[in-house]
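Laboratory data are not the source of any read-out in this text; all were calculated from the coordinates shown. None of the values given here were measured: they were computed from a predicted structure. Please note: Cβ atoms are built from the backbone with ideal geometry, for glycine as well, and neighbour counts cover all protein chains shown.
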């Protein structure tokens, strides 16, 4: 059974610029730069994360930190060259709070997710992926337009507003944060299974 969820269009003025000059929310004020998606324009798989972290904000590229390295390792483990997928985030600017002298990642709120959705939808339109893989709850909410728990989403066939199959899985940072090795291995097996399912749906 397929679950169709209609995405709510953000009630904000149209912005014909780019993520680099976007002022739809306040995240740009503290960020170094916008971090847009990267990968082949006709990639069969699109992977969507939450938002840039400190490493990505400084480098200007998505998934270049520890979570990104792990993600690429997981892709290779299921037989996918990371260079063949399009990798992006639901939100393009780094949101953080200061703890001492460190900038600690802060998950974007609904307003930031909705404000940035124009750029995510534009990327989806330009790439035209066969399957979208959401990494974590923020990405899943950005794609579907409403909250869906990952545990429940992994058991269903989801479809984005344009009819593209969506496979939900955990963000690689969840594996890095898992307190016990057993938990890490459980999450790793789940992500590998989800990536394998996405490949099957994409016809690879």
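Converting the Cα gyration tensor eigenvalues of region 137-204 into ellipsoid dimensions via √(5λ) gives semi-axes, longest first, of 22, 15, 9 Å.
Once fully extended, how much extra length lies between residue 196 and residue 83, figured as 0.36 nm per residue of separation less the alpha-carbon to alpha-carbon distance? Additional length available on full extension: 39.0 nm. Annotation: region 59-115 has a Kirkwood hydrodynamic radius of 13.4 angstrom, from the mean reciprocal C-alpha pair distance.
Ranked from largest, the principal axis spans of the Cα set of region 7-137 equal 39, 37, 23 Å. A full extension of the chain between residue 55 and residue 41 corresponds to an added length of 2.6 nm, given 0.36 nm per residue minus the alpha carbon distance.
Antiparallel versus total DSSP beta bridges in region 11-105: what percent is that, nearest 5? Among the beta bridges of region 11-105, antiparallel pairing accounts for roughly 55 percent.
Between residue 152 and residue 186, the C-beta separation translates, for a Förster distance of 25 Å, into a calculated FRET efficiency of about 0.90.
Can you put 47, 70, 144, 135 in order, fewest other beta carbons within 10 Å first? Please report the intermediate quantities before stating the final value.
Values: 47 30, 70 18, 144 22, 135 27.
Sorted ascending by nearby Cβ count, the order is 70, 144, 135, 47.
Return a whole-number percent for the relative contact order of the chain, with Cα pairs under 8 Å and 6 or more residues apart as the contact set.
Values: 377 pairs, mean separation 54.6, N = 204.
Computed value for the chain: 27 percent relative contact order.
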